[in-house]
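J.: Dropping a structure here in structure tokens format, bear with me for questions.
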């Protein structure tokens, strides 16, 4: 667990702290998402990327608990009873949408919805939470994609997933609420996500954590 947690970026680490008793599971879910991101970033041949994602799917859903043994992240998730993560099929489909021909909608609705399901710890979530996850995923992509044109298109598309009114967030979904409002702030301004945890982003996170927006 320690080695897995050491690799977690500052933003998901801070978001996980708002998960209360679920913080350890949240950290592992974010670590898994980061692993998928590195897999996609280091894949040049679509078929190879698809095979690598298929391996993760098989290992994370193996009911016998055999596949993936020795992989620290999988071992940690098994030990915590966090396998298979909810929303895994969508989550992987979303990352696959970045391999080869770019499909921003598929990416947003796959990674965003799948990740938010995994963090929420339940398969069935309301449509508004699916859209919140899609908006967050596009915002996150805008801060990491090397092509500014793709980043701009991601923010433009993210606007279509933003809700015009308040959403019925629950205490259980507080980390997701904070992540969504961090993204919404930039999306509404047509601004890309910062590449890392800037002082401004940190203070926005603290404010949202205290006041909900």
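The values are calculated or read from the model by the stated rules, or taken from the named source; none is laboratory data. Because the structure is a prediction, the values reported are computed rather than measured. Every residue, glycine among them, receives a Cβ derived from its backbone with ideal geometry; neighbour counts consider all protein chains shown.
J.: Considering only residues that are part of a helix (DSSP H, G or I) and within 18 Å of the chain's Cα centre (by Cα), look in region 181-192 and name the one that is farthest from residue 146 (Cα to Cα).
T.: The selected residue is 181.
J.: So, of the residues in region 26-65 that are farther than 19 Å from residue 79 by Cβ and not in a helix (DSSP H, G or I), which turns out to be modelled with the lowest pLDDT?
T.: That would be 44.
J.: Out of region 93-105, which residues are outside any helix (DSSP H, G or I) and within 19 Å of the chain's Cα centre (by Cα)?
T.: 97, 98, 99, 102, 103
J.: Let me ask something additional. In region 140-156, how many are part of a helix (DSSP H, G or I) and under 20 Å from residue 36 (Cβ atoms)?
T.: Looking only at that region, the number is 6.
J.: Counting only residues that are without any contact (Cβ under 8 Å) to a residue 12 or more places away in the chain and within 17 Å of residue 131 (Cα to Cα), how many does region 88-102 have?
T.: 0
Residue-wise test of (1) touching a residue at least 60 places away in the same chain (Cβ under 8 Å); (2) touching a helix residue (DSSP H, G or I) at 6+ places or on another chain (Cβ under 6 Å).
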site	(1), (2)
128	no, no
135	no, yes
141	no, yes
148	no, no
154	no, yes
178	yes, yes
187	no, yes
202	yes, no
209	yes, yes
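J.: Let me ask something else about it. Looking at 76, 108, which is the one that is surrounded by 23 or more Cβ atoms within 10 Å (Cβ to Cβ) and in a helix (DSSP H, G or I)?
T.: So the residue among 76, 108 that is surrounded by 23 or more Cβ atoms within 10 Å (Cβ to Cβ) and in a helix (DSSP H, G or I) is 108.
J.: On the given criteria, is residue 176 surrounded by 23 or more Cβ atoms within 10 Å (Cβ to Cβ) and outside any loop (DSSP other than H, G, I, E, B)?
T.: yes
J.: Within region 50-71, which residues are out of contact with any helix residue (DSSP H, G or I) (no Cβ under 8 Å at 6 or more places or on another chain) and surrounded by 15 or more Cβ atoms within 10 Å (Cβ to Cβ)?
T.: 62 - this is the single residue of region 50-71 that is out of contact with any helix residue (DSSP H, G or I) (no Cβ under 8 Å at 6 or more places or on another chain) and surrounded by 15 or more Cβ atoms within 10 Å (Cβ to Cβ).
J.: Right, something else. Give the number of residues within region 156-167 that are within 19 Å of residue 205 (Cα to Cα) and without any contact (Cβ under 8 Å) to a residue 12 or more places away in the chain.
T.: 1
J.: Another one. Since residue 90 meets every condition but one in (1) assigned to a loop (DSSP other than H, G, I, E, B); (2) crowded, with 19+ Cβ neighbours inside 10 Å, which condition does it not meet?
T.: (1)
J.: Against the definition (in a helix (DSSP H, G or I), touching a helix residue (DSSP H, G or I) at 6+ places or on another chain (Cβ under 7 Å) and in contact (Cβ under 8 Å) with a residue 60 or more places away in the chain), how does residue 115 come out, yes or no?
T.: Considered against the rule, which asks whether it is in a helix (DSSP H, G or I), touching a helix residue (DSSP H, G or I) at 6+ places or on another chain (Cβ under 7 Å) and in contact (Cβ under 8 Å) with a residue 60 or more places away in the chain, residue 115 comes out as yes.
J.: Answer yes if at least one residue in region 193-208 is in a loop (DSSP other than H, G, I, E, B), at pLDDT below 95 and over 21 Å from residue 13 (Cα atoms), and no otherwise.
T.: no
J.: Being under 21 Å from residue 88 (Cα atoms), surrounded by 14 or more Cβ atoms within 10 Å (Cβ to Cβ) and under 15 Å from the mean Cα position of the chain (by Cα), is that true of even one residue in region 158-173?
T.: Yes, region 158-173 has at least one match.
J.: Among the residues of region 120-139, write down those that are part of a helix (DSSP H, G or I) and under 14 Å from residue 177 (Cα atoms).
T.: Across region 120-139, the qualifying residues are 120, 128, 129, 130, 131, 132, 133, 134, 135, 136, 137.
J.: Still on this structure, please answer the following. Which one of 183, 135 is more than 20 Å from residue 85 (Cα to Cα) and modelled with pLDDT of 95 or more?
T.: Exactly one residue qualifies, and that residue is 135.
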